[in-house]
1. For the subset of segment A:93-110 comprising residues that are touching a Leu at 6+ places or on another chain (Cβ under 8 Å) and among the hydrophobic types (A, V, I, L, M, F, W, C), which member is surrounded by the most Cβ atoms within 10 Å (Cβ to Cβ)?
2. B:VAL141: free of Cβ contacts under 8 Å to residues at least 40 places away in the same chain, within 28 Å of B:ASP71 (Cβ to Cβ), over 19 Å from the mean Cα position of the chain (by Cα) and surrounded by 15 or more Cβ atoms within 10 Å (Cβ to Cβ), yes or no?
3. In segment B:74-103, which residues are out of contact with any helix residue (DSSP H, G or I) (no Cβ under 7 Å at 6 or more places or on another chain) and of a type in the set (Asp, Glu)?
4. State whether the residues of segment B:199-208 include one that is surrounded by fewer than 22 Cβ atoms within 10 Å (Cβ to Cβ) and aliphatic (A, V, I, L, M).
5. Return the pair list, or none, for Cβ contacts closer than 8 Å from residues in segment A:22-37 that are among the basic types (Lys, Arg) to residues that are not in a helix (DSSP H, G or I), at least 6 apart or on different chains.
6. Does segment B:193-210 hold any residues that are more than 17 Å from B:MET92 (Cβ to Cβ) and in a helix (DSSP H, G or I), and which are they?
7. Which residues, taken from segment B:75-84, are surrounded by fewer than 19 Cβ atoms within 10 Å (Cβ to Cβ) and either away from chain A (no Cβ under 12 Å) or within 20 Å of B:GLU168 (Cβ to Cβ) (or both)?
8. Looking only at segment A:175-199, count how many residues are surrounded by 15 or more Cβ atoms within 10 Å (Cβ to Cβ), among the aliphatic types (A, V, I, L, M), touching a residue at least 12 places away in the same chain (Cβ under 8 Å) and outside any loop (DSSP other than H, G, I, E, B).
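The values are calculated or read from the model by the stated rules, or taken from the named source; none is laboratory data. The structure displayed is predicted, hence computed values, not measured ones. FYI the Cβ positions are ideal-geometry reconstructions off the backbone, even for glycines, and counts take in every protein chain you see.
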Amino acid sequence: MTLVTRFLATIGRFFIAALETLGRIAIFTVTSVLHCLQPPWFLRLIGRQMLSIGYYSLPVVGLTALFTGMVLALQIYSGSSRFNAEGAVATIVVIGITRELGPVLAGLMVAGRVGAAMAAELGTMQVTEQIDALSTLSTNPFKYLMAPRLIAGATMLPLLVLVADVIGVFGGYLVGIHKLGFNPATYLNNTVEFLEALDVISGLVKASVFGFLIALMGCYHGYHSRGGAQGVGAATTNAVVSASILILASDYLITEIFFAK
Amino acid sequence: MSPDSNPAAPKIKLENVHKAFGPKPVLAGLDLDIGRGESVVVIGGSGTGKSVMLKCVLGLLRPDQGDIAVDGEPVVGIGGTDRDRVLKKFGMLFQGAALFDSLSVWENVAFGLIQGEGMARDQAKGVALEKLAQVGLGPEVGELDPAELSGGMKKRVGLARAIATEPEIIFFDEPTTGLDPIMGDVINDLIVECVRELGATALSTTHDMASARKIADRVAMLYQGRIIWAGPVAEIDESANAHVDQFINGRAEGPIAMEVLKP
């Protein structure tokens, strides 16, 4: 009997803890979003975050997009040549990059680069009482720390992905021309002709959601980190893992919403 | 609702404050009054909840039970503009100074003026350098990063930041912890001087008796979540309280048993 009750208690404790975490995240999200929407805005801080998320992520996102586009061209060629549809390579590369791989891979790379940095910075500020100090200096930490990061994340990721789209398509073009022997004019023509605005737009919408999620997870885990260096380390890991999973899960949701149209 | 409606009321009043972290009670019915312009030092061992008490007053932690009033105005659970208005009365020196390491020293000191009061940066810098001078630091220190400072300098910058907005109430959380005795005494002198100059109400926590004797008008001892003794600093040696005696004389033997396993 005691074994059974103990077993049930374990399940119950786990369930309650999960609900508590969910509630904490929900409250954190709502508070953060409200502070994003209400003035005053710290423009200098937003600018600094935009620089760190957008500009400084360009090299890593650009390289990721370049190689992804190149690989995509090769793989699609080897697949489509099996039923003599090599002509579709350019079209599928551009659709694959803009709709899916551009936003998702850029999101995952930025989650690793920026989400981790946010969690480490805010976590260190939390354990050294700097976040408490903000409050005592009449500055709301959500306004001063979270809002600039969320705003920068949601606005800079689409721009990054736009750049990634162009570079990814260019990677496919390079392989298509130099390796697979396509005619440059035909390749470019195929790239543009069948591309729809919605392909690009849905990718940019995804990017904005991903950027928001990356910043949210970085801020949440940093803000709630406890207990010194180890706590900050755990916060960093959790920020990257949770952001990555949320990116992949929300990717499916958004794809399905756009797919229905 | 006028905050200064009752000048006879204590500046800060804590009544029956409870706070637990999980199953572990930290504050268990804490009562403490701090009079206007008074300097109260709360003494007690490490981990007895001294910082938790300060954070409950500031609203950084929410007590599970009990009332806290500042100038007669209840502050537990207030939010938004009310909380901002109450927090403007406070300045705090944190245990580890808690300087913002993304900002230079003068920006740290001027933070409350620029962000909280909307003062122009040039003007705020002037005030910041003045406050730094007050704690014995030259203008060249203002341009440094907090990471370049020694422990004593950090504490002094933290002190300058706490007094920059000329608050009515200043909290000092373990002001001398981690400093050598001489630097500790320098900080004590600065605290006494700054508090007197501003006419501020001060609430400090410490386990350093030399510091407590120097900065306190009144001492209160926190033990097992309650204030077990409070009185003027001059009477602390005649408290007739075995717990206080053991603490101020720093003896391992006595009614306060440390949770140390004996071999």
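1. Looking at the filtered set, the residue picked out is A:ALA106.
2. No, not satisfied.
3. Within segment B:74-103, B:ASP82, B:ASP84 qualify.
4. No: segment B:199-208 contains no residue that is surrounded by fewer than 22 Cβ atoms within 10 Å (Cβ to Cβ) and aliphatic (A, V, I, L, M).
5. Hits for this filter: A:ARG24/A:HIS224.
6. B:GLU193, B:ARG196, B:GLU197, B:MET209, B:ALA210
7. Residues of segment B:75-84 that are surrounded by fewer than 19 Cβ atoms within 10 Å (Cβ to Cβ), as a first pass: B:76-84.
Within segment B:75-84, B:VAL76, B:GLY77, B:ILE78, B:THR81, B:ASP82, B:ARG83, B:ASP84 meet the criteria.
8. Looking only at that region, the number is 2.
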